[in-house]
Amino acid sequence: MLYIFCAGSLGKEIYDLAIRTKYKKKDIIFVDENKNANKFTADKIDIISKEDLFEAYSNLDKVIIANGEPAVRQSIFNELHSKGLSFDTLIDNTALVSPSAYIGEGSIICDFCSISSDVLINENVLVNRQSIIGHDIQVGKHAVISSTVNLGGAVRVGDGAYVAMGAQVREGLNIGSFSIISMGSIVQRDVPNDIIVMGNPARAILKNKDRKVFN
C-alpha cells in the first residue's frame, strides 16, 4: 500500500502521480486526522487517521507526504521516520532526470521537470511541475520547489526553503534554510536563513519568524 499523508489539493496531484507511475487505485489510502473516515478524490479513496496508519502499516508499505508547507513536511517526516515507516520516492514518467542525479527518499518529482547532472535532492523534497533544476545543485531536506521555477547551476537550497511559482535563481547562489522566494522573483544574490524575498531583483521584505508559507 501507498499511504499519502494529507488529503488536500496537493494530495490529489500526488495521487494522480502515483497512479501514473506504479500504483493502482486499490493500493492507495490517504491519511488525514481532520478527514478521518471520509473519502477523497473522484475515485472515493479511503481516508484514515494517523493512529490507524500505525496499526495497519506493514514492512511492504510506503508513505509519501502531500503537504506544501516545508515545516509541516519536516514535522510529519520526522514523526513517521521515528516510527520506522518507509518512504517512497515518486518521479513522474515525463520528468527528465540525469543518471548522475540523486533523489532522496520521500521526494516527489512532478511532471515535465528537468533534473540535470550531478544534482543532489535530499529527503522529502517536493519539486512541482515544469521546474528546471540545473547542474550541480543541492536541494536541502523538506524543501519545496514550486511549478515553473528555474534554478541556475550550482545553486544551494537550504533545508525547508520554499521557492514559489515562476521564481528564477541565478547560478551559484545560496538560498538559506526556511527562506521563502516569492512568486515570480528574480534572485541575483544570496538569501540568508529565514528571510522572505520578493521582486526583480529580489529584496528582503520580512523575516520568516513563524517558518510558515501559507496563512
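For the reader, a short list of remarks on this structure follows.
- Judged by the mean number of other Cβ atoms found within 10 Å, the most tightly packed of the peptides 67-79, 141-153, 96-108, 199-211 leads the ranking 141-153, 67-79, 96-108, 199-211.
- The Cα-based radius of gyration of the chain, divided by its Kirkwood radius, gives an Rg/Rh of 0.98.
- Placed amide H near Arg211: partners under 5 Å, 5+ positions off or other chain: none
- Put the Cα centre of region 104-183 next to the Cα centre of region 4-24 and the gap is 20 Å.
- Between the helical axis of 70-82 and the longest alpha-carbon principal axis of the chain there is an angle of about 50 degrees.
- Computed from point charges on the beta carbon alone (+1 for Lys and Arg, -1 for Asp and Glu), the dipole magnitude for region 61-215 about its Cα centre is near 540 Debye.
- Total formal charge among the other residues, if their Cβ is under 14 angstrom from that of Cys6, Lys/Arg +1 and Asp/Glu -1: -1
- Added length on full extension, which subtracts the Cα-Cα distance from 0.36 nm per residue, Thr94 to Ala204: 36.1 nm
- Relative compactness, region 2-66, computed as alpha-carbon Rg over 2.2 N^0.38 Å: 0.99
- Considering only the chain, percent of DSSP beta bridges that pair antiparallel, nearest 5: 10
- Per-residue [θ]222 nm for the chain (sum of -39500 (n - 2.57) over DSSP H runs n ≥ 4, rounded to 500): -4500 deg cm²/dmol
- Under Karplus coefficients 6.51, -1.76 and 1.60, residue-wise ³J(HN,Hα) of region 170-182 in Hz, glycine/proline x: 4, 4, x, 8, 10, 9, x, 4, 6, 7, 10, 9, 5
Coordinate-derived values only; no laboratory data. Worth saying up front: this structure is predicted, and the values here are computed from it rather than measured. Because the Cβ atoms are built from the backbone with ideal geometry, glycine has one as well, and the counts that use them run over all protein chains shown.
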